[in-house]
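Let me begin by presenting the structure, written as structure tokens, before commenting on it.
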Amino acid sequence: MKKKICFVGYDNYPVLNPDAGTEYFGGESVQQTLLAKAFHDLGYEVSMICGDYGQSDGEVIDGITIYKTYGSSEGLPIVRFIYPRMTSIFAALKRADADIYYQSCAGMMTGMVAWYCRSNNRKFVFRLAHDSDCIPGQQIIKYWRDRKLYEYGLKRTDMIAAQGVNQVELLQKNYQLESIPINMAVEIPKLAQSRRRDIDILWVNNLRDFKRPELVVDLAKLLPEFNIAMIGGAVPGNDELYDKVKAEANKLDNLSFLGAVSYHEVNNYFLRAKVFVNTSDWEGFPNSFLQAWIRQVPVFSFFDPDGLIKAKAIGESPENLDHMADLVRQYLLSDDKVETIGKRGQEFVLNNYAPKVIARRYEKLLA
């Protein structure tokens, strides 16, 4: 009898279905979808719980059965937390009827999935998605109620997966909870021997405060001789920031503001890029780093997750924006450097982040 695993992620549907690709999604939606496909390839019966995008309940895509919950604007204020949100989540968890439930990103969903699994003797795996998930009061959670639900669920998991050693240490320090570092997964593309690299600098992220998107505008001013492509959609509650950055970007000839691009289309931009930059103050382990490295694109980032960029020499971790501009210029004036560092990054990812390898690690730990 096949084992059953269910991935719970409200924003996953746009990653799984290209027709809904311009809807908001984050890096963890990509991770859950890649893992879901890998578990399906390993012989598991795989399901996914996500939001209501107008799809049919029980729709099957790539062998994955999708159970929907609620629409983002559905229900009346205050009472909608109970109906339709809580009621539809528990109903979907029941319909999935899985042996293992996998959920990531700090929020109220963590508590609901934990309660369901405890009540029905099912295993619950939670994956940390951001360093702030490990720090009380700093989680990216709007309401006190949802933060308490998150902490309730965090303490009732069967396994917590961390993105790296730093998160393991933070979670132990702040919550006295054990976690296991497990690498992320990356989709392995087929690269042509020759390709057109007409984007000097690529930035891909959702536009929210801690991602520091305004620094891309400043970087473009520091590097007027190079072109920059900026990709990212507005995050609910950050519309003003999105509009401001877009307006400033459109004033510069060397900066193309492309807005939201679907996961299925964005990888083509990585293929065209020479270098990739990240301007966040801090994050977890961005999915975009893997998307860049697997396509032989060096990464420049102010934060260096577990010191990998420096240790593996697969990009640069500058001290400030001026330093970033200097380093990027050095790379872009040397095709050999871009190619050498790019190939090193691809080799590192191929050896450590293939989806089936990661799925088998979870399988072994949950046995």
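Before moving on, here are some points about what is shown:
- Restricting the chymotrypsin sites (Phe, Trp or Tyr not before Pro) of the stretch 143-228 to loop positions (DSSP other than H, G, I, E, B) with no more than 12 neighbouring Cβ atoms within 10 Å leaves Y143.
- Antiparallel bridge percentage (DSSP; both residues within the chain; nearest 5): 5 percent
- S73-R145 FRET efficiency (beta carbon distance; Förster radius 22 Å; 0.05 resolution): 0.70
- Of the trypsin sites (Lys or Arg not before Pro) found in the stretch 62-143, the ones in coil according to DSSP and having at most 13 other Cβ atoms within 10 Å of their Cβ are K142.
- Counted over all Cα-Cα pairs of the stretch 1-126, pairs farther apart than 20 Å make up 38 percent.
- P(r) for the stretch 199-352, from all Cα pairs and a bin width of 10 Å, is 11, 44, 37, 7, 0 %, short bins first.
- The slack between K3 and V165, meaning 0.36 nm per residue of separation minus the straight C-alpha distance, is 55.3 nm.
- Distances between placed amide hydrogens fall under 5 Å for Y101 paired with C6, K123, F124, V125, all partners being 5 or more residues away or on another chain.
- Lys pairs, the stretch 185-308 - Cα-Cα below 19 angstrom, 8 or more residues apart or on other chains: 8
- Taking the Cα centre of the chain as origin and assigning +1 to Lys and Arg Cβ atoms and -1 to Asp and Glu Cβ atoms, the resulting dipole is close to 1160 debye.
- Compared with the direct C-alpha span, the chain from I188 to I82 gains 34.1 nm at full extension, assuming 0.36 nm per residue.
- Measuring between their Cα centroids, the stretch 1-52 and the stretch 232-260 lie 28 Å from each other.
- Nearest 10 degrees, 0 to 90: helix 108-120 Cα axis against the chain principal axis: 40 degrees
- Least to most buried among V235, V357, V30, V277 (fewest other Cβ within 10 Å first): V357, V235, V30, V277
- Loop-exposed GluC sites (Glu not before Pro) per DSSP, neighbour cap 12 Cβ within 10 angstrom, longest uninterrupted part of the chain: 1-177
- Sparse packing (at most 14 other Cβ atoms within 10 Å of the Cβ) combined with a DSSP loop state is found for the following trypsin sites (Lys or Arg not before Pro) in the stretch 192-272: R195, R196, K251.
- HN-Hα J in Hz across the stretch 305-312 - Karplus 6.51, -1.76, 1.60, θ = phi - 60°, x for Gly and Pro: x, 6, x, 5, 4, 6, 5, 9
- Distance-filtered residues of the stretch 229-263 - backbone nitrogen under 16 Å, label point 7 angstrom along I61 Cα→Cβ: 261-263
- Our note on the geometry: Cα centres of the stretch 292-319 and the stretch 134-156, 30 Å apart.
- In the chain, the ratio of gyration radius to Kirkwood radius, Rg to Rh, stands at 0.96 when only Cα atoms are counted.
- Ordered by the count of other Cβ atoms within 10 Å of each Cβ, fewest first, F81, F303 give F81, F303.
- Contour excess over end-to-end distance, with Cα ends at D41 and Q330 and 0.36 nm allotted per residue: 99.8 nm
- Between T22 and D209, the C-beta separation translates, for a Förster distance of 22 Å, into a calculated FRET efficiency of about 0.45.
- Positive end of the dipole of the chain (Cβ unit charges, origin at the Cα centre): among A311, S29, L207, the Cα lying farthest that way belongs to S29.
- Under 5 Å, built H, 5+ apart or other chain: amide partners of G315: V299
- In order along the stretch 148-165, the phi-based Karplus estimate (6.51 cos²θ - 1.76 cosθ + 1.60, θ = phi - 60°) of 3J(HN,Hα) comes to 5, 5, 4, 5, 4, x, 4, 8, 10, 9, 8, 7, 10, 9, 9, 7, x, 5 Hz; Gly and Pro are listed as x.
- Between 0 and 90°, nearest 10: helix 27-41 axis offset from the chain longest Cα axis: 60 degrees
The numbers here are math on the coordinates, done by the rules we state, and not lab data. Since the structure is predicted, the reported quantities are computational estimates derived from the model, not experimental observations. Every residue, glycine as well, gets a Cβ built from its backbone with ideal geometry; the counts of neighbours run over all protein chains shown.
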